1. Helix-only mean residue ellipticity at 222 nm, the chain, DSSP H runs n ≥ 4 weighted -39,500 (n - 2.57), per residue, nearest 500. What is it?
2. Which net charge results when you count Lys and Arg as +1 and Asp and Glu as -1 among the other residues whose beta-carbon is under 14 Å from that of D11?
3. Could you pull out every residue, at least 5 positions away or on a different chain, whose amide H is within less than 5 Å of the one on E162? Hs are placed 1.01 Å off N in the peptide plane, and Pro or chain starts have none.
4. Computing the accessible area with a 1.4 Å probe over protein heavy atoms, can you report the carbon and sulfur percentage for segment 44-105?
5. How many percent of DSSP beta bridges within the chain run antiparallel, rounded to 5?
6. Rank A75, A172, A46 by mean-square fluctuation in a GNM of the chain with C-alpha springs under 10 angstrom and give only the top-ranked residue.
7. With log10 I(q)/I(0) by the Debye sum over Cα atoms at q = 0.11, 0.12, 0.16 Å⁻¹ as the read-out, I listed (1) -0.56, -0.64, -0.99; (2) -0.86, -0.91, -1.10; (3) -0.51, -0.60, -1.00; which label goes with the value calculated from this structure?
8. May I ask which of K6/K176; K120/K160; K127/K160 have a Cα-Cα span longer than 32 Å here?
Amino acid sequence: MSDEIKRTGRDLIYRGAILSVYKDHMEFPDGSTAEWDFIKHDGAAAVVPVMEDGRILMVRQFRNALDRETLEIPAGKLDDPNESGFTCSKRELEEETGYRSENLEWLLTLRTTVAFCNEKIEIYVAKDLIPSKQHLDEGEYVDVKAYTMEELKEMIFTGKIEDSKTIAALLAYESKYLRADAI
């Protein structure tokens, strides 16, 4: 059916620092038309930093959209649309946590809100963490703390962690690396 649905136009409504908003003009097989919102995002990467004792480093930071602090895995937007998720995740790990790693492995790729946004987040697992120094962006304030997987799952299932990339990444990490029947 999607082969029969056509975009006949796209108008830029707003261009911001991390996204652009468009109004798409759509035509359907029966000849009817509609306008759909589309948000273009250049992409992001995130990382599950695993300490030697198995605890996971998490970052607490203020999120304007929610008007409160959240607990998340380290993440950030690509510096440009052609930057690899691998490069971005290495950078964000050190910038936000003050640790670096030469042992990163791809975990999963997710699309955050497929109904109206093309944002793609590549998520990696970082092991063999090496202490370094935080390099926070201007206006970025991040607290870093390590948690056990059990503590994190408790926070997920009691609603204290709501961030979708964090939930998907942590549960995928547990499934792939910690379960006896792991892949």
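The values are calculated or read from the model by the stated rules, or taken from the named source; none is laboratory data. Because the structure is a prediction, the values reported are computed rather than measured. Note that we place each Cβ from the backbone using ideal geometry, even for glycine, and neighbour counts take in every protein chain shown. Surface areas here come from the heavy atoms of the whole protein model, side chains and all, with no ligands, DNA or RNA. Shrake-Rupley method; radii C 1.70, N 1.55, O 1.52, S 1.80 Å.
1. Details: 3 runs with 32 residues, N = 183.
Value at 222 nm, helices only: -5000 deg cm²/dmol.
2. +2
3. Counting only residues 5 or more places away or on other chains, the set is L71.
4. On the way: 1250 of 2870 Å².
That share works out to 43 percent.
5. Values: 42 of 49 bridges.
The antiparallel fraction comes to roughly 85 percent.
6. A172
7. Correct label, based on the coordinates given: (1).
8. Numbers: K6/K176 39 Å; K120/K160 24 Å; K127/K160 25 Å.
K6/K176, as the Cα separations exceed 32 Å there.
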